[in-house]
Amino acid sequence: MHDIPPSTKPEQRRTDEVFPVGGDSAHARVIDSGAFSRRVVEDAPVIVLVLDLEGRIQHINPFFERLTGYRLDEVRGSAWFDSFLPEWDRDRVRALFGRSAAGEHVKGHVNPIVTRSGEERQIEWTDGFIRDDQGEATGILAIGQDVTVLVQAELRLREALQVERILQIE
């Protein structure tokens, strides 16, 4: 499995190290460097989750930690399905994971995760393989966006439309 660098606190980073001043070549070097990728993983308001091929957590980013209330050192090596999925949805998501591990690209799948406080958050996922130097899959990189507010708004809209239809019938 590729090593994912540990998180660096934002206040410990120097802006010029991540986004150096200069011409196009300086920007290209930054984008090609690991510093740019680390900055995106650490600061983007999306979940970055790395699982091994058995579904054990290898890495989570700071956004995931804030969203769920769990730190990486608490969950590394834990079974993703048993730790973060509601029991009623585990079999369905395990089947989806199996399809992904078999090579099917998953994009746009939404499922709930459970936070430390017991709250369910709706997450839309996109995934891909992490490969070693020989091209063998060693893990899955899953990027998740919290769409809870959107899912709740869609539900309220459907309910309002249903009430409107009922009122039109009367």
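The values are calculated or read from the model by the stated rules, or taken from the named source; none is laboratory data. All figures in this text were calculated on a predicted structure; none of them were measured in a lab. In this analysis, Cβ positions are derived from the backbone assuming ideal geometry, glycine residues included, and neighbour counts consider all displayed protein chains. Note: areas computed on protein heavy atoms with side chains; ligands, DNA, RNA excluded. Shrake-Rupley method; radii C 1.70, N 1.55, O 1.52, S 1.80 Å.
Relative contact order of the range 31-170: 22 percent, from C-alpha pairs under 8 Å at least 6 residues apart in sequence.
For residue 61, the residues whose amide H sits under 5 Å from its own are 48, ignoring neighbours fewer than 5 places away on the same chain, with H placed 1.01 Å from N. The packing ranking, built from the mean of other Cβ atoms within 10 Å per residue, places the peptides 73-84, 57-68, 157-168 in the order 57-68, 73-84, 157-168, highest first. Net charge of the neighbourhood of residue 68, taken over other residues with C-beta under 12 Å away and scored Lys/Arg +1, Asp/Glu -1, is -1. Between residue 107 and residue 37, the modelled labels are 2.0 nm apart [label points 7 Å from Cα along Cα→Cβ].
Residue 138 to residue 158: FRET efficiency via 1/(1 + (r/R0)^6), r the Cβ-Cβ distance, R0 45 Å, to the nearest 0.05?
It comes out at approximately 0.60.
Leaving out ligands, DNA and RNA, what percent of the accessible area of the range 89-170 is carbon and sulfur, probe 1.4 Å? Of the solvent-accessible surface of the range 89-170, carbon and sulfur hold 53 percent. Under a crude label model (7 Å from the Cα following the beta-carbon direction), how far is residue 115 from residue 82 in nanometres? In this crude label model, residue 115 to residue 82 measures out at 2.5 nm.
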